[in-house]
């Protein structure tokens, strides 16, 4: 089991990442805003950690097809845009 925070500087080292699965650990702190700015990222699985605070806005042009955030201490709203919604 891994613990600690995930820093934006770590996320920026992987600009071509397709999947980011760190589920079932004890990571804490905010979800790095730059995680949602990786245009190639299709899967983000952060469930069952101790992330807290609000999420960054998820860009409309994201390749994201799967997002799991349950069993954390996140606050606020999560706005997701689908390609159909962006076309309207």
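The values are calculated or read from the model by the stated rules, or taken from the named source; none is laboratory data. Keep in mind the model is a prediction, meaning the values are calculated, not measured. Note: ideal-geometry Cβ built from the backbone for every residue, glycine included; neighbour counts use all protein chains shown.
Every condition in (1) touching a strand residue (DSSP E or B) at 6+ places or on another chain (Cβ under 8 Å); (2) surrounded by 13 or more Cβ atoms within 10 Å (Cβ to Cβ); (3) modelled with pLDDT of 95 or more holds for residue 48 except the one numbered (1). Within the stretch 19-34, the set of residues being in contact with a helix residue (DSSP H, G or I) (Cβ under 6 Å, 6 or more places away or on another chain) and closer than 19 Å to residue 71 by Cα comprises just one member, 32. In summary, residue 7 fulfils each of the numbered conditions (1) modelled with pLDDT of 95 or more; (2) surrounded by fewer than 14 Cβ atoms within 10 Å (Cβ to Cβ) with the single exception of condition (1).
Being modelled with pLDDT under 90 and in contact with a strand residue (DSSP E or B) (Cβ under 8 Å, 6 or more places away or on another chain) is a description that applies to residue 80. Pick out the one residue from 41, 67 that is at negative phi, modelled with pLDDT of 90 or more and outside any loop (DSSP other than H, G, I, E, B). None of the other options fit; the residue is 67.
Only a single item in (1) assigned to a strand (DSSP E or B); (2) in contact with a helix residue (DSSP H, G or I) (Cβ under 8 Å, 6 or more places away or on another chain) is not met by residue 52, and it is number (2). If you go through the stretch 10-22 and keep only what is surrounded by 15 or more Cβ atoms within 10 Å (Cβ to Cβ) and in a loop (DSSP other than H, G, I, E, B), you end up with 17, 22.
Within the set 35, 46, 17, the sole residue that is within 10 Å of the chain's Cα centre (by Cα) and closer than 14 Å to residue 63 by Cα turns out to be 35.
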